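Trainee: One structure is given below, represented as structure tokens, and several questions about it will come after.
The values are calculated or read from the model by the stated rules, or taken from the named source; none is laboratory data. Quantities reported herein were computed from a predicted structural model and do not represent experimental measurements. Reconstructed Cβ throughout: ideal geometry from the backbone, glycine too, with neighbour counts over all protein chains shown.
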Amino acid sequence: METIKLDRLEFESENNTFFKPHILFDAETGECLIEGESYLEDTWEFYSKPMEWLRAYTTAEVKKPIDFKFKLSYFNTSSSKCILDILKLLKQYQENGGEVTVSWYYPEDDEDNLMEAEDFIADTGIDMKLVEY
Amino acid sequence: MTSSIQNLSLYDYYNFTNRSSVVISYKGPITDVLMAEISRDIRDKFSDNPRVSRKVFSVFMELAQNMLFYSSEKVFFANRKDSVGTLLLTDSDNAYKFSCGNLVKNEYVDELLSNCAIINSLDKEELRKYKREQRNKPQGERSKGAGIGLIHVALLTGQPLDIEVREVDNDYSFFSLTVTITKTV
């Protein structure tokens, strides 16, 4: 069986025709970050790599902790569906004994962004620290 | 009968747009590049009011994507096939109004109208719940996104979706949607 070697996964942010968030997943420390803006040509394709990484990380033999930070100032509704998938996966990992912390950073006075975070919590039942920045 | 193009007066169009304070007016191919440019322009224009800027920007992005994905009006030019849409952003005393319109197949009109009627019948908390329910559903057959753009727009604006449908011929109708973004909370 092929073993997937988990390493760092990084996508630089882009703000041209589409807005790609900066993604940095570190297998060494368990720190994961998605920040910036998310509006993509093919949302599902873009998030398939990070999802694959997370699936491998959370199904590894040794259950390593994961510290996930979202810092998105804008994301479209397609991206919100992918964010939900990530949170569901993290919740599942937590239920299977994985150590998970999630923080959601929202721009100052951005009630709509905060409401999105609250709805993600309601949807998944995950504990998420809400931090204004 | 003379062809309609000869009767088209740009001056009439100018007068029409002059009557209300038009911030953005566009009819033509909706492309990714154009969307990015207009969205940057919106951020630029409203930079002194972050709340309005975020809302107008998000509303524009969702509605323009809907036109890009679902408009039945297409234009073929230089080996490209692009969706065609019409959009108008106007500035009144206490609100910005954003309208967008495109052709839809008549067979989809009832579904669109009933979707909008559901959205308009719900209050904020019900809309949040409805959006979550719809987002949890598997991807729809004709859907290229999350299928919750209109619910999201209604939540962002806190105002009903104003719909107008005019049948153009046996196959198509012009579907237009106007949303209001108030300047103060």
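Trainee: Of the numbered conditions (1) more than 14 Å from chain A (Cβ to nearest Cβ); (2) under 22 Å from B:THR184 (Cβ atoms); (3) surrounded by fewer than 20 Cβ atoms within 10 Å (Cβ to Cβ), B:SER53 satisfies every one except a single condition; which is it?
Mentor: Failed condition: (1).
Trainee: Related question: Does B:SER58 satisfy the condition of being within 14 Å of chain A (Cβ to nearest Cβ), surrounded by fewer than 19 Cβ atoms within 10 Å (Cβ to Cβ), not hydrophobic (A, V, I, L, M, F, W, C) and not in a loop (DSSP other than H, G, I, E, B)? Reasoning before the result, please.
Mentor: Values: within 14 Å of chain A (Cβ to nearest Cβ): yes; surrounded by fewer than 19 Cβ atoms within 10 Å (Cβ to Cβ): no; not hydrophobic (A, V, I, L, M, F, W, C): yes; not in a loop (DSSP other than H, G, I, E, B): yes.
Against the criterion (within 14 Å of chain A (Cβ to nearest Cβ), surrounded by fewer than 19 Cβ atoms within 10 Å (Cβ to Cβ), not hydrophobic (A, V, I, L, M, F, W, C) and not in a loop (DSSP other than H, G, I, E, B)), B:SER58 does not qualify.
Trainee: Could I ask something else about it? Identify, please: which residue in the range A:120-133 is charged (D, E, K, R), in contact with a helix residue (DSSP H, G or I) (Cβ under 9 Å, 6 or more places away or on another chain) and away from chain B (no Cβ under 11 Å) and is, among those, farthest from A:LEU89 (Cα to Cα)? Break it down stepwise before answering.
Mentor: Of the residues in the range A:120-133, the ones charged (D, E, K, R) are A:123, A:127, A:129, A:132.
So of that shortlist, the ones also in contact with a helix residue (DSSP H, G or I) (Cβ under 9 Å, 6 or more places away or on another chain) come out as A:123, A:127, A:132.
Right, trim to away from chain B (no Cβ under 11 Å) and you get A:127, A:132.
Working: A:ASP127: 13, A:GLU132: 24 Å.
So the residue we want is A:GLU132.
Trainee: What helices (runs of 4 or more DSSP H) lie completely within the range B:2-50 and have 1 or more residues being modelled with pLDDT of 90 or more and touching a strand residue (DSSP E or B) at 6+ places or on another chain (Cβ under 8 Å)?
Mentor: Numbers: elements: B:4-7, B:10-19, B:32-45.
Per the criteria, B:32-45.
Trainee: Next up: Being over 17 Å from B:ARG51 (Cα atoms) and of a type in the set (A, V, I, L, M, F, W, C) is the filter; apply it to the range A:103-119 and report the residue that is farthest from the other protein chains (Cβ to nearest Cβ).
Mentor: Result: A:TRP104.
Trainee: As an exercise: evaluate B:SER83 against (1) within 14 Å of chain A (Cβ to nearest Cβ); (2) among the small types (Gly, Ala, Ser); (3) not in a helix (DSSP H, G or I) and give the number of the one condition it does not meet.
Mentor: (1)
Trainee: How about the range A:63-99: which of its residues are surrounded by fewer than 19 Cβ atoms within 10 Å (Cβ to Cβ) and in a strand (DSSP E or B)?
Mentor: A:ASP67, A:LYS69, A:LYS71, A:SER73
Trainee: B:VAL104 versus (1) in a strand (DSSP E or B); (2) without any contact (Cβ under 8 Å) to a residue 12 or more places away in the chain; (3) within 17 Å of B:SER173 (Cα to Cα): which is the lone unmet condition?
Mentor: (2)
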